[in-house]
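See structure below.
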Amino acid sequence: MSTVRKSLVRHIVWLLVVAVIIYGVGIKSNVVKAVDNDLKYQGEIANFIKQWIVNNWSYYYHVNNVDIEIIDLKKSGDKIEGIAKVCVVKVLKAQKVSELPYIKGMLKKVNMSDYDDQLQKEHKINKVVNANSGVLTKEKAQRVVKVLDDKYAELKGYIGVPDESYMILKFEAELRGNNIEENTIKLYAEQMNTFVPAEELIPKSPAEYENAGYKEMESKLIEEGTFAVAALYPYYDRLKARDYANTWTSNATTYCPHNIALQDITKWNNAKWPYYDCFCHNDCADYVSQALNAGGIPIDPGKWERLKDSNNNWAWTYVPGLKNYMLNQKGYWKISTWESAAAGGVIVIPDSHVMMIVKNDTVERLFSAHTNDRLKYPYGKNTTWEYYVLWE
């Protein structure tokens, strides 16, 4: 090969190497830009969600912390969408239970502005009677005391105590260039197997809560009968059921082996209630039954007994069977409302799903569940859901 030809070959090779390097640098630059943009979008969305929460919850709560994790982000053309996992730590601003608008409404119905649940029972009854002279009988006053004592038992645990709640939010937004158009951001909250406009979770006005409390007390006073027993099952401890429910679930983001439900079985009570493959994406009733049992509802051999009640429509592990047993066969459940159902109660999505109510501070309502695994998750008012309690 001539010297000229060798030189030409070397020159061509050198040009090819340079071209490859330039091409590689270009690809790397584009990748870096894409990653930088994704991080930028995540930061902007996280800030938007945080401000949205602070703006909408701060009337009733001191918002101590908002932790946001973007667990999915996709860009398509001039739009982005994704999923955010949110943890909010907050504490009620109310210094005592009677400052809550809902309780103000309940007290207003019985001509009272405050209530001391620590007084002896007879003193409380007399105070109610005296505030409603000629209007309420002693029997009705007993009912008022029972209702208020039950409310205060849960609500006092929330006054001055920071607590966390969780949300799974879907977000959508439009881009202009590489910038998010903030006025196009839309948020949707997960409510079991669907997403609804996140606005449905925003706390209502004080007047709405006060009116709801007034109506609840009104309904208690017109119910037939006089003084109600402590519970439809008298030994049920609804707060123990709540605590069990919160202990044995999580906000899972990974799927079960069948790739259907979000589950983390390491957070389940496998020591007492072992996991079986049949519970993969099908454990909601089993979990609720465990919580009800922890609250005091006794195992009923062959009728309500884990994996041994096939002749009773699998009442422990199958939603229709559980509802029929608790509501119709035993009378442990009583229909309630979104407004008044509280910790230790249950939510039923007819024929398909059941969840434990774990908090109702009169402003926010939370459930915990399996299938999908959820912990302290807010729920809005849904007319297709059924709310049940185990007390009067």
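The values are calculated or read from the model by the stated rules, or taken from the named source; none is laboratory data. Keep in mind it's a predicted model, so treat the numbers as computed, not measured. Don't worry about glycine lacking a Cβ; one is built from the backbone with ideal geometry, like all the others, and counts go over all protein chains shown.
Okay, here's what the table says:
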read-out: Selected residue [of a type in the set (Lys, Arg) and part of a strand (DSSP E or B)] from Lys108, Lys90; value: Lys90
read-out: Per-region count, the range 280-309, residues surrounded by fewer than 23 Cβ atoms within 10 Å (Cβ to Cβ) and assigned to a helix (DSSP H, G or I); value: 2
read-out: Residue within the range 118-140 that is under 22 Å from Ala341 (Cβ atoms) and β-branched (Val, Ile, Thr) present; value: no
read-out: Any hit, the range 34-45, residues being part of a loop (DSSP other than H, G, I, E, B) and either assigned by TED's automatic domain parsing to the domain that holds Thr184 or modelled with pLDDT under 95 (or both); value: no
read-out: Number of the condition not met by Lys140 [criteria: (1) under 26 Å from Lys74 (Cα atoms); (2) among the charged types (D, E, K, R); (3) surrounded by 17 or more Cβ atoms within 10 Å (Cβ to Cβ)]; value: (1)
read-out: Per-region count, the range 197-210, residues buried (at least 16 other Cβ atoms within 10 Å of the Cβ) and assigned to a helix (DSSP H, G or I); value: 5
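So that you can scan it fast, the table gives a plain yes or no per residue for (1) assigned to a strand (DSSP E or B); (2) in contact with an Asp or Glu (Cβ under 6 Å, 6 or more places away or on another chain); (3) not assigned by TED's automatic domain parsing to the domain that holds Ala261:
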{"site": "Val147", "(1), (2), (3)": "no, no, yes"}
{"site": "Glu172", "(1), (2), (3)": "yes, yes, yes"}
{"site": "Ala189", "(1), (2), (3)": "yes, no, yes"}
{"site": "Phe195", "(1), (2), (3)": "yes, no, yes"}
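For (1) aliphatic (A, V, I, L, M); (2) surrounded by fewer than 16 Cβ atoms within 10 Å (Cβ to Cβ); (3) not assigned by TED's automatic domain parsing to the domain that holds Ile70, each residue gets a yes or a no:
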{"site": "Met112", "(1), (2), (3)": "yes, no, yes"}
{"site": "Lys121", "(1), (2), (3)": "no, yes, yes"}
{"site": "Asn132", "(1), (2), (3)": "no, no, yes"}
{"site": "Arg176", "(1), (2), (3)": "no, yes, no"}
